[in-house]
Each structure stands twice: as structure tokens, then as C-alpha cells.
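Data first, discussion second: the structure below is written as C-alpha cells.
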Amino acid sequence: MLCISNLKMPLQSDPESLAARCAAAFGVPREAVLSCTLSRNALDARKKNDIHFLCTVQVTLSPKDEKRVLEKKLPNVHKAQDYEKRELCVGTRRLPGPVIVAGLGPAGLFAAYALARYGYRPIVVERGKSVEERALDVERFWAGGTLDVESNVMFGEGGAGTFSDGKLTTRIKDPRAHEIIRTLIEFGAPESIGILAKPHIGTDRLRVVVANMRRRIESLGGEIRFSTTLTGISQKDGSLSGVTLLRQGIVSEQPCSVLVLATGQGARDTYGMLDRSGLELAPKAFAVGVRIEHEQSMIDRAQFGELAGHPRLGAAEYHLSAKAEERGVYTFCMCPGGMVVASSSGSEQVVTNGMSDYARDGRNANAAIVVSVGPEDFGRGALDGMRFQEELERRAFFAGGGDYRAPASRVGDFIRRCAPKAFGGIKPTYRPGVRAADLYGCLPDFIAEGVRFGILAFARQLKGFDHEDAVLTAIESRTSSPVRILRGPSGEATRVGGLYPVGEGAGYAGGIVSAAVDGLRAAEEILSRYRPD
């Protein structure tokens, strides 16, 4: 099979014409193409008068025709790579105790699934609730109810990504990424994620996938313990020997020989416990800013011109960046047709994030505008970045009125640094609500000025970005983990053998796919060493 990439397909082209276009690119008759399969579809909207798709296609020719095409050494044509599901080699060493996976976000979910598939019967502990119960708790909080500090957007089955756009775009080149996508489709994700250059599931469909994977883990012998918090680790002679768990106020000791530590970045008490337990932690750079909302129709017009609204285009996206005095300012986690959501996980904290359903059919588009921060801004201690986040989230809480409303401002008022006025034609989507506030009062000066610089710079890249009535909502503080749990070449923590820190919370991933790959990689290391009971 051959692979041809960057094959141009006009927006109006009939999908049935794909084989003919491949034949023309190869310089062979149409009948020479025995089969063709679209494997990647990327929208190219750089020129508004020539919006088209750039496709990667797997093409089957006869051996004779394939040889002739390869001899031409055509650009963008090569032998197709096979991404068949891998079967892994299992080790021979006996496991002296159970395998525990702490956290059921993407890293923990895929680690547990791989271990369960090979007969290891992992015990999975998750401090939050099942995705079905968690969704009810989150909706109750968004409607103005009490925040459940153990079941919220950050804590619970599926991790923080469950209440997001479900973006699957990743920059990593690990072939395991293809396996992650295939597995998500197997458990209910739309098949389109297998070919889109910027795939997304949507929070509505991602919840179904997560629940289906959990049920499969249980059917394979894995045990899921919800509302169970990891509160301590025990070690002997430099290796893990057990963990301490808390469930419904009862503390228990659980012997184990392997721990996949897949807690998310919101588990600040876990970071403190690990630091006290002697693990090697280091501060890590991240970014802080606000969420901006525009009408999606305006973003569509700015990106697609007269073709805005075309059924094959969907809701437009953007990714913008600039430099503010050598400090990076960029948009992050853009959610077309979505909403800004409350992502607090602790008392007296306001945290924002973005979310879209699969259809991306909401009135507003939103994205974070964030400014890079590093240890030089918040301190060199391992947990100083975490404390910096907490302080900013507390400021936002009180600026919003002290009742989990978020402080918000019109872009025009923010740019001119004038008293916030009533919101105009663009209505904030954040629940449980917003309070008009001067955002300079809850952001450090360098972040506020960085955001202001970014808005003006981005308006030169995307028409209308600085619209007077666009809404800014604070604070976007959890773009990535502020801490990295150091690990060695085997993936084990540098000071505790048998403990595998993985995923975004450990400082080694930046999204659903990269976190899932990191968890899968740890599971494979465990598989290669030990045999199942």
C-alpha cells in the first residue's frame, strides 16, 4: 500500500472523486487504483478565496503499478506505515503485591486498561466519583449549588479533560497515539477522529467513552474504587511497599509492589504528601491568563470569509501567539461554539476553563489568552508554582464576589483600563455567573499587561479579536502542572522504585492523547518486567 500526503481536495469536491485524484497524482489510469482510504483530512483556510482540504490517503495498487509509482520518486508519496495493534511481551518476574493505579484520567485510564487486558487485575483508586455521578455534581455547582471539593471538573473519572472540548490534537510522534485513537473509537468515539487533523470528541461523547472503558476494565478483572484518596506511600530499601488510602473517613493500608501515579494537576494535597515523603519534585513553567469570548459567527467570518457557514467547514478555530518583551503570550485550548466553565476544585478558588460539545453549535467561541510564567516569577521551591496558582485563584474568588462567580470585563474596558461597564452584545457563558470587575485587580501586573498586549497583537492577526464587547473572564491558571515529579529512564520515580509518575499531573503531558500515551508507556514497562498472577 502507498501513502500520498498533501493531496489537495477542493471544498466542493465529491468524496467519490478521491480515487481519480490519487490516480492523477500517481500518473496512472483510474482503474489502476484498486482501493483508497482517507487517513487524514486537514482544512487549509490560509487563503479565503481558496479554502480546501489537504488529505493523506492510503492507496492500493497492483504490485507492478506500485513499483512503477515508487520509481518516479514523487514528492509526498511513500510506502504506507502499518499501525496494527501491537501485542506486548510479558515479563517473568513474580509480582509480590498488587498493581495500583491512582487516578482515572487519561493516563490512569489507559494504563489500567492495558494492565487489565494482560491479566494483571489492577486496583484503580480515584478520589472523585464515576463520570455519571460526577456530571450531576458539576451541573449542580454550575447551577449555583455547593462546590463538592472531591467531585468537580478537576476530580473524578475521566479527569479534567472530560469537561473540555475533548481535543485529541498532539505534537508527539509516538506511534502509541494511533493506538489511543483506535481505542477511543472502539469505545464509542466518533470514527471521524481517526482522520481529522484536529480531532475532538466533545465533552458529551467523551463521558460515554470513559464509562465504557471503565466497564471493560472491570470485566477483565480490574477493580475500581471511587471516592478513594491516596494519602501516603510506604517504601522499603528504596522501593515501594504500600500505600495509604482514605475512603469515607476510614484510613487503610494497602500493600502493593507497583503504583502508577496518575493523579491530575489539581491534586495539590497529593503534591504536598509526595514532597513530605521524599520524592524528588521540581518547579515547572506554565502559563496564566484569562478566557476570552467572541460570537462564533464573527470568528467564522474572520477565518472563512464568504464561505462562513458552509456545512463542510463547521465552526472555525484559531491559535495565535506573540512575544511581549521576550515573554510568550498565546491562545490556548480554543473551544469553538462552546462555553466558559467553572473548574474550581478547592474552597475559595475561582478557576476557568473552556468546554464544547461534539456539535460545537453554541453561540460563543472561547479560548484562553495566557502569559508564560516560570520559577523566576514565583520561586524556586518545588511547590512555589502551586502556591502562586492558589493565590491568584483566591484573588479571583473575592474579585468575583466571594460566591464562585468569576470576575469579568468587556475587552474595551480592559484595554482602556476604565471602570467596567455592563456587558454588551456578547454575553458571558460562565456559570454560576460573572461579576463585572477590574481584572487588573486580580492579575499580577506582568500578566495583565501581557494579556492586553496579546489582544492588540492578535487583532492584527484575526480581524475583530479586540471587539469592544468581547468578554474576558478570570482566571485561567491551570494550563499545565506547576510541578514535575522526576523520574528515571525506566519511568520510575528517581527515589522510589516501583512508583511510576505519569500524565499531566506528573508534568509529562499536555493533553488527552499525550497523557494517555504516557500512561500506556508505564503499563508497558510494568508488563515487560512482571508476569500476571
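The values are calculated or read from the model by the stated rules, or taken from the named source; none is laboratory data. Everything quoted here is computed from the prediction, not taken from an experiment. Note that we place each Cβ from the backbone using ideal geometry, even for glycine, and neighbour counts take in every protein chain shown. Heavy atoms of the whole protein, side chains included, go into the accessibility calculation; ligands, DNA and RNA do not. Shrake-Rupley method; radii C 1.70, N 1.55, O 1.52, S 1.80 Å.
Observations on the model:
- Qualifying lysines (Cα of each under 27 Å from Cα of K48; at least 8 residues distant if same chain): K8, K167, K198, K323, K463
- Taking the convex hull of Cα positions in the chain, its mean projected area over all directions (nm²): 26.0
- Scattering from region 179-306 was approximated by placing one identical point on each alpha carbon and applying the Debye formula without solvent; log10 I(q)/I(0) at 0.13 1/Å stands at -0.90.
- Semi-axes of the equivalent ellipsoid for region 436-507, computed as √(5λ) from the eigenvalues of its C-alpha gyration tensor and ordered from largest down, come to 40, 15, 10 Å.
- Note on surface exposure: T494, T331 rank T494, T331 by accessible area, highest first, 1.4 Å probe.
- Charge tally for L246 (other residues, Cβ to Cβ under 12 Å; Lys, Arg +1; Asp, Glu -1): 0.
- Charge dipole magnitude, Cβ of K and R +1, D and E -1 - region 453-501, Cα centre, debye nearest 20: 360
- Alpha-carbon centroid distance for the pair region 218-278 / region 285-326, whole angstrom: 41
- Antiparallel bridges, percent of DSSP beta bridges restricted to region 382-533 (to nearest 5): 60
- Overall form of region 1-146 per C-alpha gyration tensor (a/c, 1.5; a/b vs b/c): oblate
- Rounded, prolate or oblate (a/c below 1.5 giving rounded, otherwise prolate when a/b exceeds b/c) for region 65-195 by Cα gyration tensor: oblate
- Sorting H178, H310, H319 on solvent-accessible area from highest to lowest, probe radius 1.4 Å, gives H319, H178, H310.
- By average C-beta atoms within 10 angstrom, highest first, the peptides 200-210, 2-12, 451-461: 200-210, 451-461, 2-12
- Counting only Cα atoms, the size of region 264-373 along its three principal axes is 59, 33, 25 Å, in decreasing order.
- Residues whose amide H comes within less than 5 Å of that of R40, counting only those at least five positions distant or on another chain, are T56 (H built at 1.01 Å from N in the peptide plane).
- Accessible area in the full protein assembly, largest first, 1.4 Å probe, for S356, S372: S372, S356
- Sulfur and carbon atoms: percent of accessible area, the chain [1.4 Å]: 50
- Taking every protein chain into account, the accessible area of the chain amounts to 42 square angstrom per residue (probe 1.4 Å).
- Remark: the Cα gyration tensor places region 367-503 in the prolate category, a/c being 1.5 or greater and a/b exceeding b/c.
- Partner lysines for K64 [C-alpha distance under 21 Å; skip if fewer than 8 residues away on the same chain]: K72, K73, K79
- CD proxy at 222 nm, helix term only [per DSSP H run n ≥ 4: -39500 (n - 2.57); per residue of the chain; nearest 500]: -8500 deg cm²/dmol
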